[in-house]
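Report on one structure; see the data block that follows.
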Amino acid sequence: MIVDVKEMQNKAREGGYAVGAFNTVNLETTQGILEAALEMKSPVVVQMTEKTLDYAGGRAIYNLVRTIAECYMPQIPVGIHLDHGKSFEIVQRATEIGLTSVMYDGSRHNFADNLAVTKKVVDFCHAKGVSVQAELGNVPYLGELSMQEINWDDYMTDPGQAKEFVEHTGIDVLAVAIGNAHGFFRERPEPDYARLEAIAKVVSVPLVMHGASDWEADRVTEVINRGVSCFNVDTSTRLAFIGQLRQSLENGDETDLRKLLAASKDAVKKTVKEKMTYFGSAGKA
Ligand code: G3H
Ligand code: 13P
Ligand code: ZN
């Protein structure tokens, strides 16, 4: 059953657990995510970026997720979300396709510009019943910077600004930067838990952790206890898919594409199930 992402995250926050928001790009990744949700009886968010809308066709990938969720697992709450929309236009496109939850990511802009465009996005989306996640601070990407170059103070979410940002824009969900980073092994040696606590104290909306694909259970629990109710996961499922595909190709001469891709789908499913256990969403559907 397709549900409202914001409500799913609010419910997780109240229940003291988090949900996973997993990036999809194709049929098999979608199947891996949704089959994991079914087997774990877990609510789940399936999300897609602008590049994926271009790659797969926006309506095609949106309706693929929606159809699998509605036809094969009507008892499982599934949210569909635009991840890292970098412009007002891509948000607009996502809503035209049918998505009812979007992220506007103005984190590369200065505070005033991020605030202004986020407000414009919220006004547009709320008039259509679409909920909005935005990012304050900046969660860096693997490959853009070397570890030595990162001055973490430049990336962190400021709690005072977070309060002003949420109150002024009216966003529904806030993505925070507390030393988390996209890709593997890029994080600050220790997340800034005190900063997260300070943000959660002054901000009433659910908080999202991007780039925490490689976080083990202990860190996950620490941040859930301090107000995080959603984790975005892409790298670990992508690497599970690719790793299995590489192994399948190296180990045999299988020519049935379905068998090769089904093995990768199962690798995605295994990773997603492990994450759902860490996040505490298993059994919450
Ligand atoms: O954070 C975003 C995901 O890692 C995927 O990004 O689809 O733009 O490559 P992409
Ligand atoms: P990872 O690529 O580190 O899993 O982060 C995913 C993410 O934040 C997607 O928005
Ligand atoms: Zn992200």
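Each value in this text was obtained by applying a stated rule to the coordinates, not by laboratory testing. These numbers come from a predicted model, not from an experiment. Methodologically, a virtual Cβ is constructed for each residue, glycine included, from the backbone with ideal geometry; neighbour enumeration extends over all protein chains shown.
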Charge-dipole axis of the stretch 32-125 as Lys and Arg at +1 and Asp and Glu at -1 on Cβ define it, positive-most pick from Gly106, Asn63, Met40: Gly106
Overall dimensions of the stretch 189-243 as given by Cα atoms, namely Rg and Dmax in Å: 12.7, 42
Separation between Cα centres of the stretch 63-106 and the stretch 116-149, rounded to whole Å: 16
Listed residues Trp215, Ala94, Ala175: farthest to the positive end of the dipole of the chain (Cβ charges): Ala94
Isotropic mean projected area of the C-alpha convex hull, the stretch 93-174 (nm²): 6.0
Computed helical MRE - 222 nm, the chain, DSSP H runs ≥ 4 contributing -39500 (n - 2.57), nearest 500: -16000 deg cm²/dmol
Helix 159-169 axis, angle to the chain major axis (alpha carbon atoms, nearest 10°): 80
Stokes-Einstein D (µm²/s) once Rh is taken as the Kirkwood radius of the stretch 209-276 over alpha-carbon pairs, at 25 °C in 0.890 mPa s: 184
Anchor Lys273: lysines whose Cα lies under 24 Å away (excluding residues fewer than 8 positions away in-chain): Lys6, Lys11, Lys41, Lys259, Lys265, Lys284
Residue of Ser101, Ser248, Ser229 that the Gaussian network model of the chain assigns the largest fluctuation, springs spanning Cα pairs under 10 Å: Ser248
Cut-off of 10 Å, at most 13 other beta carbons, DSSP loop: longest stretch of the chain lacking such chymotrypsin sites (Phe, Trp or Tyr not before Pro): 1-183
Angle between the chain longest axis and helix 193-202 axis [Cα atoms, degrees, rounded to 10]: 70
Those lysines that a straight Cα-Cα span of less than 19 Å connects to Lys51, excepting residues fewer than 8 apart in one chain: Lys86
Max mean-square fluctuation residue, GNM over the chain, Cα-Cα springs under 10 Å, options Asp158, Asp123, Asp253: Asp253
Alpha carbon convex hull of the chain, projected area averaged over orientations, nm²: 14.4
Residues whose placed amide H lies under 5 Å from that of Ser131, excluding near-sequence neighbours: Ser101, Val102
Shape call, the stretch 143-196: gyration tensor on alpha carbons, a/c limit 1.5: prolate
